[in-house]
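These notes are about the structure you will find just below.
The values are calculated or read from the model by the stated rules, or taken from the named source; none is laboratory data. In this text the structure is predicted, and so the values were computed from the model without any measurement. All Cβ positions, even for glycine, are placed from backbone atoms using ideal geometry, and neighbour counts span all protein chains on display. Each accessible area value is taken on the protein alone, full model and side chains, heavy atoms only, with ligands, DNA and RNA left out. Shrake-Rupley method; radii C 1.70, N 1.55, O 1.52, S 1.80 Å.
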Number of protein chains: 2
Amino acid sequence: MKEKEKEEIVKKGVKIIPLGGLEQIGMNITAFEYEDSIIVVDCGLSFPDDEMLGIDLVIPDVTYLKENIHKVKGFVITHGHEDHIGGLPYVLKDINVPVYATKLTIGIIENKLKEHNLLKSTKRKVIKYGQSINLGCFRIEFIRTNHSIADAAALAIYSPAGIIVHTGDFKIDYTPVFGQTIDLQRFGELGKKGVLALMCDSTNVERPGFTMSERSVGISFDNIFAENKLHRIIIATFASNVDRVQQIINSAVKFGRKVVLEGRSMVNIMSTASELGYITVPENVLIETEMMKNYTDDQLVLITTGSQGEAMAALSRIAASTHRKISIKPGDTVIFSSHPIPGNERSVNKVINDLYRQGAKVIYQDTHVSGHACQEEIKLIYSLTRPKYAIPVHGEYKHLIKHAELAEKLGVDKNNIKILSSGDVLELTDEKAQIVDKVQAQGILVDGLGVGDVGNIVLRDRQHLSENGLLIVVVTLEKHSNQVLAGPDIVSRGFVYVRESENLMDEARYVVNGALDKCLDKGITDWGKIKTEIKDSLSDYLWKKTKRNPMILPIIMEV
Amino acid sequence: MKEKEKEEIVKKGVKIIPLGGLEQIGMNITAFEYEDSIIVVDCGLSFPDDEMLGIDLVIPDVTYLKENIHKVKGFVITHGHEDHIGGLPYVLKDINVPVYATKLTIGIIENKLKEHNLLKSTKRKVIKYGQSINLGCFRIEFIRTNHSIADAAALAIYSPAGIIVHTGDFKIDYTPVFGQTIDLQRFGELGKKGVLALMCDSTNVERPGFTMSERSVGISFDNIFAENKLHRIIIATFASNVDRVQQIINSAVKFGRKVVLEGRSMVNIMSTASELGYITVPENVLIETEMMKNYTDDQLVLITTGSQGEAMAALSRIAASTHRKISIKPGDTVIFSSHPIPGNERSVNKVINDLYRQGAKVIYQDTHVSGHACQEEIKLIYSLTRPKYAIPVHGEYKHLIKHAELAEKLGVDKNNIKILSSGDVLELTDEKAQIVDKVQAQGILVDGLGVGDVGNIVLRDRQHLSENGLLIVVVTLEKHSNQVLAGPDIVSRGFVYVRESENLMDEARYVVNGALDKCLDKGITDWGKIKTEIKDSLSDYLWKKTKRNPMILPIIMEV
């Protein structure tokens, strides 16, 4: 090989292509590409924004992966939260490559694959901390971290262009409930070897100090159990926080209470965690909901979903007295072991107020810790890895900016800090980092069974209908003469309470008749024009009368 | 008068009737009744909940006042915030009685009355702190307090049954920006005389300690101005917080900057505050937006509405690049002098992210203080007034409960703490407090010009339409034979993107034809039954195909 050719090979960069996770919260998915190899880290979903009316969830657009399907070697998953795995069942239908993750993560993914009938067709492999896998020209090492779900991993991605460290979601817990502390030594070793780029969690970058240990919540539980010995205790938390549930069970055992699990996702994840050995429940502690009647209130703890005030979750139904099996008794102590995710404050408050109204005592302070690193932890990871490039990930834009400011203070060259947008193709070499391309990376909306069939026009119509309702005007015309044979009939929904607005409706019919007469007089026979005339005159009339702007749908039938 | 009759008169109680403000946030309005006198404290509006689709605002139902109109002597208003005055223009149309308030409050009310053409028909009277008015058998004294708007008052309501102290919204500010500290001495004097009941603000009852002085924000402003001397400064805050705007102007003058006011409500309230002497602006400091081009960035401060991320407010439009006159330049320093009201977090975050994307520096910490009393302040008011009865007001149910717990700790007998619901009629005497009746007190929805014409059915339809969209099926039948003459035509909105779902629509038409044939075969001629058949078969088909449940509207025309 000639000197010149060699040089060119050395200068080839690794491409980092976030296909989601930077414009929205959630939906984390990032492709890493070098020559003919692509690996994909995480494949999450996100929940719809307020304006995505009727949408169930949003999944990543993987057009770029489809177009390069021959290069794609596998999905490497950092941990089992929805925003990192939820897109898999949808994406695997098109990109059927193996999935690599730690044991609990694979267990949770398998539950999803079962639901989508994909278990047989999907190759998956459990990877241990410290273990590496080779995928094309990449080697990926799984590094132990701490998070609000067990078995979370950071990844060291060895590419011909250098090592990229991806933290996944993480915190530093020196006294974790399950397993060991994040493998800080390995981060240090990698730093000594030389880290090309660090992609680090930004979620809590605005918070100074250190995130408290998960174990501190267990101490709070013990105190609350000790102070509330006479009544039933109900604790709402995230189904996936196995360590949290473990600590509730520990307190229950200590205080001689039986434990009931409520909510489908809670039951599912606990059964997986228990099978795989991530939670230890002494015999005869867990009981079925139906068995509660055999125990007194002071012998019971309920662990339930619904800590975010989700309308259909167990706790919300209990609070609203619509749960079939459980209702609040005065004296019940209800603990929210969670913080409201931004946007959920009102729903959570509603549930809290409902619980108080039913006579419960509600505790929602000092009963939760975050799963994400605060400033001092982020600083520590930077100091151990000393990356050449910093690429902040996981967070809204404001978090990425604050993270960039922090990285600069920690000694990363300002020009080497890259804030990316979804779809950016960043090419990294030891010499330079530049955005070389832009690929398709919008979220795809899922509504019922429909994936991608609801777009902006449908959403705009839903918005219009939701705010103003609609009026349908139907008229049957004679084929040749355009004379009115039947109608105009006006049907409205979501506009006004019709019985109290009969006058308005009568006048609206009058306005439509006027519009039809006008068209007939002028000899207008084009249906499009007739419809526009009806729409405009009715719209003007209604705005004048009501200052509202319902959707108006003229329909012409011909006989 | 015989002894017995006298005794009966003495035992007659004063009635306290909250007509709003306890089920929702906002919409504060409370009637006080004794024999043939009723006075009404505040008359606010509330903003719609998330499920009140398309609703502009919610006003109180004053049916009880209408039914007792001959008794109603006047509205007594504590301060000029929307949740205390916003209902007035609607309610005054039915309950045309005089309005009493302090000077700035009356000024702000007059702006509203002008908009609604009610200025001439409404009697109003400015009351000074310390002054009393006699309304029927009540005497009402206005007491100076501090709040996030100037001229806020607490009320001492003297009734034949005893003195009721109503704090309104308040905090204790020992170093207020305008005017003086809350009249703590008067609270003490009243306590010595004997207070029957205290109705005290609960908003911040969950927060320990003391609310910081408004003046502390001014110090933050000075620091931020000193640190950002080169660029333009934009500050978003509540239009009604005149003291906040005063402090921004003070900093601007100190640092030699001109001030631009942006947003209709900001300009309106500042002009009222300035006319009435509640704000001092040196000459040549305020400039018009159009004049900005004559100054360099370091010579300018913009004060704007939109601190809650309201989509149509000035700041949101600036951030989204849709403001006609102002756009963000890299380096602009944008300050949020506010906290997001629960439920607004997402919208506020969106604006912050947009601003960062445009290159602004955004500051949203330590630039706001609350206008409401924290625990230590509430304790102080209880210790000064030592009421027999405590009636917590202003807050969600959880706040009222925490307030009740606090009152008990402060020595109020548990049985004398009354948590009310809107519509409760509480009768108070020195001997006992009991709920003796329940009156109508739901909120009334305002949508455009319509007051009360949107009810639950309309809202349910809007909800249904917003989540699933609709399908309209139109068919023209022959009068006697019920043979199909035209159609079925299917029109959909907000359901699926029709161009990509042609098959689905074809099959839907096939399903409808099947339903029509079935009816014809069975000799069913009742339109109601035909519509039900169409609806049910189409609904089943669409659910099977899409797992969605659009509204289906069959319309039959007859020729």
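Being farther than 10 Å from A:THR203 by Cα, open to solvent by less than 10 Å² (accessible area, probe 1.4 Å), in contact with a helix residue (DSSP H, G or I) (Cβ under 8 Å, 6 or more places away or on another chain) and outside any loop (DSSP other than H, G, I, E, B) is a property that A:ILE381 has.
Do we find a residue being among the hydroxyl-bearing types (Ser, Thr, Tyr) and buried (at least 23 other Cβ atoms within 10 Å of the Cβ) anywhere in the stretch A:180-202? Yes.
Is it true that some residue in the stretch A:380-390 is assigned by TED's automatic domain parsing to the domain that holds A:GLU427, within 26 Å of the chain's Cα centre (by Cα) and within 30 Å of A:PRO18 (Cα to Cα)? The answer is yes, given that some residue of the stretch A:380-390 is assigned by TED's automatic domain parsing to the domain that holds A:GLU427, within 26 Å of the chain's Cα centre (by Cα) and within 30 Å of A:PRO18 (Cα to Cα).
Contact map, the stretch B:122-136: first residue in the same structural domain as B:THR105 (by TED's automatic domain parsing) and at negative phi, second residue part of a strand (DSSP E or B) and open to solvent by 60 Å² or more (accessible area, probe 1.4 Å), Cβ cut-off under 8 Å, separation 6 or more or different chains; pairs are B:SER132/B:ARG139; B:ILE133/B:LYS125; B:ILE133/B:ARG139; B:LEU135/B:LYS73. Do we have B:GLY395 as small (Gly, Ala, Ser), within 14 Å of chain A (Cβ to nearest Cβ), on the phi > 0 side of the Ramachandran plot and in a loop (DSSP other than H, G, I, E, B) here? In short, yes. Taken over the stretch B:329-358, the criterion of being more than 30 Å from B:LEU400 (Cα to Cα), in contact (Cβ under 8 Å) with a residue 40 or more places away in the chain, open to solvent by less than 60 Å² (accessible area, probe 1.4 Å) and not in a loop (DSSP other than H, G, I, E, B) is satisfied by B:THR333, B:VAL334, B:ILE335, B:VAL351.
Here's the yes/no breakdown for (1) of a type in the set (A, V, I, L, M, F, W, C); (2) away from chain A (no Cβ under 11 Å); (3) within 25 Å of B:GLY26 (Cβ to Cβ):
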residue	(1), (2), (3)
B:LYS329	no, yes, no
B:GLU345	no, no, yes
B:ARG357	no, no, no
B:GLU408	no, yes, no
B:GLY411	no, yes, no
B:ASN416	no, yes, no
B:SER422	no, yes, yes
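If the condition is being open to solvent by 70 Å² or more (accessible area, probe 1.4 Å) and assigned to a strand (DSSP E or B), then the stretch A:272-310 contributes only A:LEU286.
Listed by first and then second residue, the pairs linking a residue in the stretch A:70-86 that is without any contact (Cβ under 8 Å) to a residue 40 or more places away in the chain to a residue that is among the polar types (S, T, N, Q), with Cβ atoms under 6 Å apart and 6 or more places separating them unless they lie on different chains, are A:ILE77/A:THR105. Only one entry in B:LEU53, B:LEU57, B:LEU92 is away from every other protein chain (no Cβ under 14 Å) and among the aliphatic types (A, V, I, L, M), namely B:LEU92. Taking first residues from the stretch B:419-432 that are within 19 Å of B:ASP201 (Cβ to Cβ) and partners that are of a type in the set (Gly, Ala, Ser) and open to solvent by less than 40 Å² (accessible area, probe 1.4 Å), the Cβ contacts under 6 Å between residues at least 6 apart in sequence or on separate chains come to B:ILE419/B:ALA404; B:SER422/B:GLY20; B:SER422/B:ALA441. Can we say A:LYS361 is open to solvent by 30 Å² or more (accessible area, probe 1.4 Å) and of a type outside the set (A, V, I, L, M, F, W, C)? Against the criterion (open to solvent by 30 Å² or more (accessible area, probe 1.4 Å) and of a type outside the set (A, V, I, L, M, F, W, C)), A:LYS361 qualifies.
Every condition in (1) crowded, with 19+ Cβ neighbours inside 10 Å; (2) in a strand (DSSP E or B); (3) in contact with a Gly (Cβ under 9 Å, 6 or more places away or on another chain) is met by B:SER148 except one, and the failing one is (2). Applying the set (1) touching a residue at least 24 places away in the same chain (Cβ under 8 Å); (2) touching a helix residue (DSSP H, G or I) at 6+ places or on another chain (Cβ under 9 Å) to B:GLY277 leaves exactly one unmet item: (1).
Of A:LYS402, A:LYS325, which residue is within 14 Å of chain B (Cβ to nearest Cβ) and open to solvent by 40 Å² or more (accessible area, probe 1.4 Å)? Among A:LYS402, A:LYS325, only A:LYS402 is within 14 Å of chain B (Cβ to nearest Cβ) and open to solvent by 40 Å² or more (accessible area, probe 1.4 Å).
Residues are listed down the side, and each one gets a yes or a no for (1) out of contact with any Ser or Thr (no Cβ under 8 Å at 6 or more places or on another chain); (2) touching a residue at least 12 places away in the same chain (Cβ under 8 Å); (3) assigned by TED's automatic domain parsing to the domain that holds A:VAL484; (4) of a type in the set (A, V, I, L, M, F, W, C):
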site	(1), (2), (3), (4)
A:GLY514	no, yes, yes, no
A:ASP517	yes, no, yes, no
A:ILE534	yes, yes, yes, yes
A:SER537	yes, yes, yes, no
A:LYS544	yes, no, yes, no
A:LYS547	yes, no, yes, no
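Against the conditions (1) surrounded by fewer than 21 Cβ atoms within 10 Å (Cβ to Cβ); (2) modelled with pLDDT of 90 or more; (3) facing chain A (nearest Cβ under 7 Å), B:ILE457 satisfies every one except (2). Taken over the stretch A:465-485, the criterion of being within 8 Å of chain B (Cβ to nearest Cβ) and open to solvent by 10 Å² or more (accessible area, probe 1.4 Å) is satisfied by A:GLU467, A:ASN468, A:LEU485.
Pull up the stretch A:207-227, narrow it to residues that are of a type outside the set (Gly, Ala, Ser) and under 20 Å from A:LEU261 (Cα atoms), then point me to the one that is surrounded by the fewest Cβ atoms within 10 Å (Cβ to Cβ). Here the answer is A:ASP222. Within the stretch A:95-120, the set of residues being polar (S, T, N, Q) and either open to solvent by 70 Å² or more (accessible area, probe 1.4 Å) or modelled with pLDDT of 95 or more (or both) comprises A:ASN96, A:THR102, A:THR105, A:ASN117.
Criterion applied to A:LYS535, A:LYS518 was being modelled with pLDDT of 90 or more, more than 7 Å from chain B (Cβ to nearest Cβ), farther than 30 Å from A:GLY87 by Cα and out of contact with any His (no Cβ under 7 Å at 6 or more places or on another chain), and the one residue passing it is A:LYS535.
Counting just the residues of the stretch A:486-515 that are of a type in the set (Gly, Ala, Ser) and within 48 Å of the chain's Cα centre (by Cα), which one comes out nearest to the other protein chains (Cβ to nearest Cβ)? Top of the filtered list is A:GLY494. Taken over the stretch A:424-433, the criterion of being farther than 23 Å from A:ASN28 by Cβ and either open to solvent by less than 30 Å² (accessible area, probe 1.4 Å) or in contact with a strand residue (DSSP E or B) (Cβ under 8 Å, 6 or more places away or on another chain) (or both) is satisfied by A:THR429, A:ASP430.
Checked across the stretch A:43-53, the condition of being of a type in the set (D, E, K, R) and over 25 Å from B:PRO550 (Cβ atoms) holds for no residue.
When A:ILE269, A:ILE318, A:ILE326 are checked against the criterion of being among the β-branched types (Val, Ile, Thr), farther than 30 Å from A:ASN146 by Cα, assigned to a helix (DSSP H, G or I) and under 30 Å from the mean Cα position of the chain (by Cα), A:ILE318 stands alone in meeting it.
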